[in-house]
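The next block holds one structure in the form of structure tokens; read it before the comments.
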Amino acid sequence: MGMFIGGKWLVQDVNPENETGEFKRLPTTIRHVIGEGGVFLPETNRYHLIVSYACPWAHRTLIYRKIKGLSDHVPIAVVHPYMGPNGWDFADGDGVIRPAFGAFERLGDVYIAHDKAFTGRVTVPVLWDTKTNQMVNNESSDIIRMFNVAFNTLTGNNLNLYPADLAKKIDDWNDYIYGAINNGVYKVGFARSQEVYDKEVLQLFVVLDEIDAHLSKNDFLCGNQLTEADIRLFVTLLRFDPVYVGHFKCNLNQIKDYEYLSAYLNRVRYAYDIEDTIHMDHIKKHYYQSHPTINPSGIVPMGPVASL
């Protein structure tokens, strides 16, 4: 793993050491919007989505692409699950789909095609515009909002996972869940000191306990209606027992140990037909093979049985 600085690749650990021992995620920087009346108009096959099946942030966009009827409008490219010193790439492998819009060997090449002097991390998802040959956006929270409404006139799909009357609740849940759970598992797993680890793992499970209690009285986070907040939580819960419990040492409990969270995980999973967006082989291979500071052997565990 590494990053570009002024268009030059710098190899770094995925969790570089710092003075505090805490994991700090860099913000995404390419944040254009697709919509009527702007530069980026909603059009079939104009935009290509680049994802990793392993990445929870990218998984959100795949779920939206499926349930919003965009599979025939937004083609995808898929990186190899192993992320090495040169970052994500398109090496041959099961499930890898090379970009149809250029001869790129690694995702970093796409970033440099967008900006030869790019500075920042090379992350998924990426939404690429084939008409202007540039990235539209590399922030998953923006992309799912665009997928929610921007292409409705093309698809006729008016399902709204961010309704105006629930927007404030959804935003509040998103903020809470991101810090403690979505990014929280990384803050636990990439902690560089015992003190940081102890603090973050306790906070993670305090919030999981709170959400489990909330779900004892609600089918979904915002009551009886599935929303964006549920999709954002789901992708982390899906990876929790197979990866985060062992690999990231998030092992005070497993999701299967929670009565309501475990039922909720299945409720969200089967609310829509999204099973083809779930690739547990990519998920496990990526995490266990791509983080040598955590798992130097690169051995991928066989279990748990429920995730096979």
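The values are calculated or read from the model by the stated rules, or taken from the named source; none is laboratory data. All values derive from a computational prediction rather than experimental measurement. When we count neighbours, we look across all protein chains shown, and the Cβ atoms used for this are built from the backbone with ideal geometry, even at glycine.
Structure notes:
- Near pairs, Cβ below 7 angstrom, 6+ apart or cross-chain, from the stretch 240-258 (in contact (Cβ under 8 Å) with a residue 12 or more places away in the chain and assigned by TED's automatic domain parsing to the domain that holds ASP212) to any residue that is surrounded by 19 or more Cβ atoms within 10 Å (Cβ to Cβ) and basic (Lys, Arg): PRO242/LYS284; VAL243/LYS284
- Filter pass, VAL188 being farther than 17 Å from PRO56 by Cα, touching a residue at least 40 places away in the same chain (Cβ under 8 Å), in a helix (DSSP H, G or I) and in contact with a helix residue (DSSP H, G or I) (Cβ under 8 Å, 6 or more places away or on another chain): no
- Among the residues of the stretch 68-85, the ones that are part of a loop (DSSP other than H, G, I, E, B) and out of contact with any Asp or Glu (no Cβ under 9 Å at 6 or more places or on another chain) come to 8 in all.
- Annotation note: of ILE34, ILE30, ILE63, the sole residue that is of a type in the set (A, V, I, L, M), over 21 Å from HIS282 (Cα atoms) and in contact with a helix residue (DSSP H, G or I) (Cβ under 7 Å, 6 or more places away or on another chain) is ILE34.
- Qualifying residue in the stretch 7-20 (condition: touching a Lys or Arg at 6+ places or on another chain (Cβ under 7 Å), assigned by TED's automatic domain parsing to the domain that holds TRP88, under 16 Å from TRP88 (Cβ atoms) and among the aliphatic types (A, V, I, L, M)): no
- The residue of the stretch 57-77 that is surrounded by the fewest Cβ atoms within 10 Å (Cβ to Cβ), among those that are among the β-branched types (Val, Ile, Thr) and under 13 Å from the mean Cα position of the chain (by Cα), is ILE63.
- TYR272 under 19 Å from TRP57 (Cα atoms) and in contact (Cβ under 8 Å) with a residue 12 or more places away in the chain: yes
- Residues of the stretch 96-136 satisfying the condition of being small (Gly, Ala, Ser) and either surrounded by 15 or more Cβ atoms within 10 Å (Cβ to Cβ) or part of a strand (DSSP E or B) (or both): GLY108, ALA113, GLY120
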